[in-house]
Amino acid sequence: MGKKALIIEDDGSIAELLRLYLEKDGFEVAQAGDGGQGTELAQSFEPDVILLDIMLPVKDGWQVCREVRSFSKTPIIMLTAKGETADKVAGLEMGADDYLTKPFEVKELLARVHAIMRRTAEDEGDKPKRLSFDKLVIDLDSYELIVDGKKVDTPPKEMELLFHLASSPNRVYTRNQLLDEVWGFDYFGDSRTVDVHVKRLREKLEGVSDQWRLKTVWGVGYKFEVGAA
């Protein structure tokens, strides 16, 4: 089955450049020039990856990201002319998988697309995707996080990060390892990406149980610690 990419970008020259490179790379490509059309195509076209500009007419990229995440786990790479950390953090918190600041090299974007596609293909294996701990269930089959008996709304990448850490209790991961193994690219991203996701997870999990915790190993990275009491 062929690969499909959706470009949601109102700058025609950038959109056309991306289309040319993606089609050359074997993708079937759909384009949307505003957020409203982009959200509709995300449902009808069923892409394997979405390239999403932030500054869009009708609906901005943040709104599109929120709406797409309500019905799809399709990987989203946000494209923005804003380089401020706050803008990047906002996109990640809404469920985006990666971001690129304009201007960017198309080769780098394609590398990130391929990394996300590889990660998605690996995740489609039939390995166990449900972990249970005291007052905590992490279910990647349904992408549900159950905390103290209640379902907690959690973006896909936060779920994947928590599952990855919890799959190897007490193992310490560096930020670079987590970027590579969860996001699927070799340090293309900012290590703050990992910090933001861990912070958001802690807000959901802090104080739930004394039998496990997300722990910072200073100067190294993070681990899912069990038997911490």
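Some notes on this structure:
- Of the numbered criteria (1) part of a loop (DSSP other than H, G, I, E, B); (2) open to solvent by 60 Å² or more (accessible area, probe 1.4 Å), the one Gln37 fails is (1).
- Residue selected from segment 140-166 under the condition at pLDDT 90 or above and among the small types (Gly, Ala, Ser), by the criterion nearest to Gly221 (Cα to Cα): Ala166
- When Glu67, Glu46, Glu23, Glu16 are checked against the criterion of being of a type in the set (D, E, K, R), in a helix (DSSP H, G or I), under 19 Å from the mean Cα position of the chain (by Cα) and modelled with pLDDT of 90 or more, a single residue qualifies: Glu67.
- Put simply, of Arg200, Arg213 the only residue that is within 27 Å of Val68 (Cβ to Cβ) and either touching a residue at least 24 places away in the same chain (Cβ under 8 Å) or among the basic types (Lys, Arg) (or both) is Arg200.
- Conditions (1) part of a strand (DSSP E or B); (2) crowded, with 18+ Cβ neighbours inside 10 Å; (3) not β-branched (Val, Ile, Thr): number failed by Glu158: (1)
- Checklist (1) farther than 19 Å from Val194 by Cβ; (2) surrounded by 15 or more Cβ atoms within 10 Å (Cβ to Cβ); (3) at pLDDT 85 or above applied to Lys129, failing item: (3)
- Residues that are aliphatic (A, V, I, L, M) and in contact (Cβ under 8 Å) with a residue 12 or more places away in the chain, drawn from segment 136-151: Leu136, Ile138, Leu140, Leu145, Val147
The values are calculated or read from the model by the stated rules, or taken from the named source; none is laboratory data. Not measured: the values here are computed from a predicted model. For neighbour counting, all protein chains shown are included, and Cβ atoms are generated from backbone atoms with ideal geometry for every residue, glycine included. All accessible areas refer to the heavy atoms of the entire protein, side chains included, with ligands and DNA or RNA removed. Shrake-Rupley method; radii C 1.70, N 1.55, O 1.52, S 1.80 Å.
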